[in-house]
Every structure is written in C-alpha cells, then in structure tokens.
Amino acid sequence: MKRAEINTENRMFNSLISSIKRWHRKSDADKPGRDRPGRKPSDRKSQGHQPSPPKTTRVVIPRNDHAISRRDISRAALTVMKRLQEAGFEAYIVGGGVRDLLLGGHPKDFDVATDATPEQAKQLFRGARIVGRRFRILHARIGREVIEVTTFRGHHSDGEEHEAQQSEHGMLLRDNVYGDLESDAVRRDFTVNALYYTTNGFEIHDYTGGMGDIQQRLIRMIGDPETRYKEDPVRMLRAVRFAAKLDFDIERETAAPLHQLAPLLRNIAPARLFDEVLKLLMSGHGVRTFELMRQYGLWQHLFPANAAHLDDPHALELTRLALRNTDQRIRNDQRVTPAFLYAALLWPAVNAEQQFLIEKGIPPVPALAQAAQKVVSGQLTHTAIPKRFSLPMREIWDMQSRLSRRGGERAFRTMELPKFRAAYDFLLLREDCGEIPKGLGQWWTEFQQVDEEQRRQMVRELPRQGTKGKGRGRRNRGGRRRGPRTD
Ligand code: ATP
Ligand code: MG
C-alpha cells in the first residue's frame, strides 16, 4: 500500500475511534446497564422452537460523530434511498457498505433495508425484480448498478408458519416475516453487519453494539451463536470470512460452537456452497481464510478430499501456494479462475488415486481419467463446480503428463493449446511445493522466451530419456506422414 493511502486510512481510523469513544461515553451515561446480545447467559438459551429475540438498546450516532459521508456512497444506492424516502418509507444502507466505510475500506456494494414490502418497493423502480424464495429481495436497477433492497425482517411467532419455516435441524427454510428496524437488526448475522446509515439526518443506528465491536475488531454473533448457526450453517463460513477479510478476531462465544456444528454444512445445497467458496477463497484473503477454516474445523466439510491429504507437507504447501498466488493476483488486478484453484485443491487426491490405479496395472492416462472422475464426483456432493470450471480444471490435470513429453514437434504443439499457460503455471506450483523435482518448469520458461531456432535447438538437446514414450513418438510421426513412403 502506498504511504499516502496508509496515512489516509490511519487518519480515518483514528477519527472513527475518537467518535466511537465520544458517543460511547454519551450513550453509557444515557443508558446504564446496556446489554449486548450474545453476552448475557440469560440470552443464550437454545432450547425450544424459537428463542426470545436478544435484548437491544438503540444507539443513534449523529452525523458529526461518525466518519461516513454521503460522498462515499454510490449514486445508485443514494437514488434508491431517496426514492423510497420520498414515497414515505424508511430506507437505510446496511451491512458491508456501512461496515467497510467505517473501517476506511471500499465497499464492494451497498445494500438497502426498508419498511416497504418487496411489492411496494417494486412499484418505485422500473424493471425491478423480486428474487429469492428463502428471502424475498428486490433487485432495483439504477443505470448499470443493481441495488439489493430488503424489507425489514421480523420475529417469528406462532401462526406465521407459511412465512417462516424451519427444518428438523433448526435450519430456516423460509424467512419472510416482516418487521421494523429493530427486529431486522437482530435477524442479521454479526453486530458489525447490523449498522444502519440513513441520509435522512445522516445518522447511524446501532441496536446490537456493532460500533463497539468495530472498535474492538471483533466478529460477534447477534443472539445465541449456536441457534443462529443452526438456523443457517453458512453463518459459520461468514464468521471466518469476515474475520479473515477484516483481520478481526472471532469473539469467544461466537467461535465456541464452530467445531461441533461444522458438520451441519453438509445440509447446505452444493450450489450455495460453491458461491460461498468463491467469496471465501477468491476475495484476496484466501490464505488467512484457509488457516482459520482449518483452525475451526470447517475446511474438512467443504473440501474433504483436500483435507485428507494435508498431513502430506507437499499437499499442504501446494494448497497454500495456490491460495497465495490467487491472493496476489487479485491484489495486482490480474484474472483469477476457480478452475485453477480447484485444480490445485483436488490435485493431491487425484494424484494419489492415480498412483494407486497405476500400481493396480491401469495405464497412466486412463488411471488419471478414473481418478479425476472419482475425486470430482466426491467433491460435487459438497460444493458444486459448474462445468465451465470443471472442464478446464481437468484439462490442466491432463496436460501435466503432456508437458513432460517434448520431443519432435510436441513441445510446439503443446504450447499452442488454449490451456497451456494454466497447465504451465500449475507445473511450476507442483515444483515449488516439492511434489516433483525442479527442472521441467524452467525448461518451459526458457522455451517460451527464446526464438523459433533456439526452440528447435532446445528440443534437439533433450536427453533421450527426456522424450519419454519414444516408441509412441515414432509411431505418431509415421502416422502423420500420409503421403506414399519413399523408403
Ligand atoms: P460483503 O458484501 O462485503 O461480502 P456483506 O456484509 O455486505 O459483506 P452480504 O452477503 O452482502 O454481506 O449481506 C448483506 C447483509 O445481509 C450482511 O451484512 C448481513 O447483515 C445480512 N446477511 C447476509 N447473510 C446473512 C445470513 N446468512 N444471516 C443473517 N444475516 C445475513
Ligand atoms: Mg454486501
């Protein structure tokens, strides 16, 4: 980061801290004995169908006591808020938008919460769509931006089963009971995600102690952590994701149930978990997220095939290197693809299975195909892998043996293949983690750098045994010679 940026960030952070201290003193004086949800033992009961909602205290932080300015917010989000307010509804920015601005970062998007129902809000935005079943949300399109507009959620009470449903594991299948700002705040996951900013007075509304937790750099679940994880096990992944992204600690009681409840991730649809994996591992903090997921026993439920090989130092190093590369590429604004990352995460299992099949007498090429098939179909029961990623992933694996066969025209042909670059990068990774000896990667690096004549020379200089499968090479060459033989 540039020095100027660091200074600006520090300044913003210091001003945030002093404003938090100011309002903290004020609100403490106003409201002695302020409760924080999830802290008091009496709030932590998890028996019964629905625990009572956590106690809240409303704290309003006036415009001069916080660092958020309207200028930091996208025009689309401001337009959505304005239109809702002009129609007589309440409207707030909530979630990552507020949290990241308070921390001096750049939010990736802004979500709006309102007391308008999705149908009422839809009337105000041309071409808006209501999406989702579990949570009905309005997508309002302003210019090129889509703003998610959610209606305040309410507490569940009897007689509303058609709007809210739970599975036998306590998982929320539907959650479309509407409420007010306060009930919405306690239905959110973490206190730092439940801060509401409004342009109507430019205040921040905090019902759950989120400002204090931003100051203490803590991810704290709202309400009883165990119940909230059971309602939606993805919240376990979100806890580590935010801890890694923000460099926050997970508060003790929020972290306590993670190990025990991690198996609940098996109840989540693989497609939703795939989306979550992208957010976890492809947002620039993959290495830290991976370490935290292992620490809290979550990793093995998302990537069991990878987890089973992590005792092997090469597999562990391969996983870390692939994540580190991904993080670096994101930081440098380079393209990243889940195909490459998944190729690395599943490779140790594919490789081990292939070796096992080869020892049973199956030739290497079909052994790789069978091994890939087995490992990928196992993974698909945990996280989906859309075809547009699983096909290139398998090409990267298939090309590994091709990269070592370089005799004749082969190296030239291999370099023309669309997946060459990814396969070459993958080869370097395998060398760097110590799975295979170094050398081949360096050969390919040079081969790409030199001119045509030097390339021919490099191929001529290959040691005899380096052109593995000599016999087949001859046959191939013979096969291509279609014309009449002159000898
Ligand atoms: P980012 O967009 O930076 O990843 P975010 O906090 O905005 O972070 P989103 O997934 O965009 O996360 O969700 C927006 C807000 O919706 C969250 O801040 C949180 O208040 C609420 N939310 C999202 N998912 C859940 C969940 N599974 N349970 C409870 N609340 C949630
Ligand atoms: Mg968001």
### Query
Taking segment 86-110 as the search range and keeping residues that are assigned to a loop (DSSP other than H, G, I, E, B), within 24 Å of GLN123 (Cα to Cα) and among the charged types (D, E, K, R), which one is farthest from ligand 2 (Cβ to nearest atom)?
GLU90
#### Entry: Hey, ARG70 surrounded by fewer than 17 Cβ atoms within 10 Å (Cβ to Cβ), in contact (Cβ under 8 Å) with a residue 12 or more places away in the chain, away from ligand 2 (no atom under 16 Å from the Cβ) and under 24 Å from the mean Cα position of the chain (by Cα) or not
no
### Message
Condition first: assigned to a loop (DSSP other than H, G, I, E, B) and among the hydrophobic types (A, V, I, L, M, F, W, C). Now tell me which residues in segment 223-263 satisfy that.
### Response
PHE248, ALA256
### Message
What pairs come out if I take residues in segment 447-459 that are over 15 Å from GLU416 (Cα atoms) and pair them with residues that are surrounded by 12 or more Cβ atoms within 10 Å (Cβ to Cβ) and among the hydroxyl-bearing types (Ser, Thr, Tyr) whose C-beta lies under 9 Å away, six or more apart or interchain?
### Response
VAL459/THR467
### Query
Going through segment 111-137 one residue at a time, which ones are more than 14 Å from ligand 2 (Cβ to nearest atom) and touching a residue at least 60 places away in the same chain (Cβ under 8 Å)?
ASP115, THR117
### Task
Look through LEU357, LEU298, LEU380, LEU302 and report the one residue that is under 22 Å from GLN400 (Cα atoms) and not small (Gly, Ala, Ser).
LEU357
### Query
Hey, ARG241 hits all of (1) touching a Leu at 6+ places or on another chain (Cβ under 6 Å); (2) farther than 26 Å from ASP109 by Cα; (3) of a type in the set (D, E, K, R) but one; which does it fall short on?
(2)
## Note on the structure
Those residues of segment 174-208 which are assigned to a loop (DSSP other than H, G, I, E, B), touching a residue at least 60 places away in the same chain (Cβ under 8 Å) and within 14 Å of ligand 1 (Cβ to nearest atom) amount to ARG188, ALA194, TYR207, THR208
### Message
All but one of (1) under 18 Å from ASP184 (Cβ atoms); (2) in a loop (DSSP other than H, G, I, E, B); (3) modelled with pLDDT of 95 or more hold for LEU124; state the number of the condition that does not hold.
### Response
(1)
### Query
Quick one: which of ARG266, ARG288, ARG220, ARG238 is farther than 18 Å from LEU101 by Cα, touching a residue at least 24 places away in the same chain (Cβ under 8 Å) and touching a strand residue (DSSP E or B) at 6+ places or on another chain (Cβ under 7 Å)?
ARG220
### Message
I'd like the residue in segment 274-284 that is surrounded by fewer than 21 Cβ atoms within 10 Å (Cβ to Cβ) and touching a residue at least 12 places away in the same chain (Cβ under 8 Å) and, out of all such residues, is farthest from ligand 1 (Cβ to nearest atom).
### Response
PHE274
### Query
Which is more than 30 Å from THR326 (Cα to Cα), within 12 Å of ligand 1 (Cβ to nearest atom), among the acidic types (Asp, Glu) and in contact (Cβ under 8 Å) with a residue 40 or more places away in the chain, of GLU226, GLU231?
GLU231
### Query
Do we find that ALA77 is part of a loop (DSSP other than H, G, I, E, B), crowded, with 20+ Cβ neighbours inside 10 Å and either within 16 Å of ligand 1 (Cβ to nearest atom) or not polar (S, T, N, Q) (or both) in this structure?
no
#### Entry: Which numbered condition GLY439 fails, given (1) modelled with pLDDT under 95; (2) at positive phi; (3) not acidic (Asp, Glu)
(1)
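The values are calculated or read from the model by the stated rules, or taken from the named source; none is laboratory data. A quick note: this is a predicted structure, and the numbers were derived from the prediction, not measured. A quick note on method: Cβ atoms are made from the backbone with ideal geometry, for glycine too, and the neighbour counts reach across all protein chains shown.
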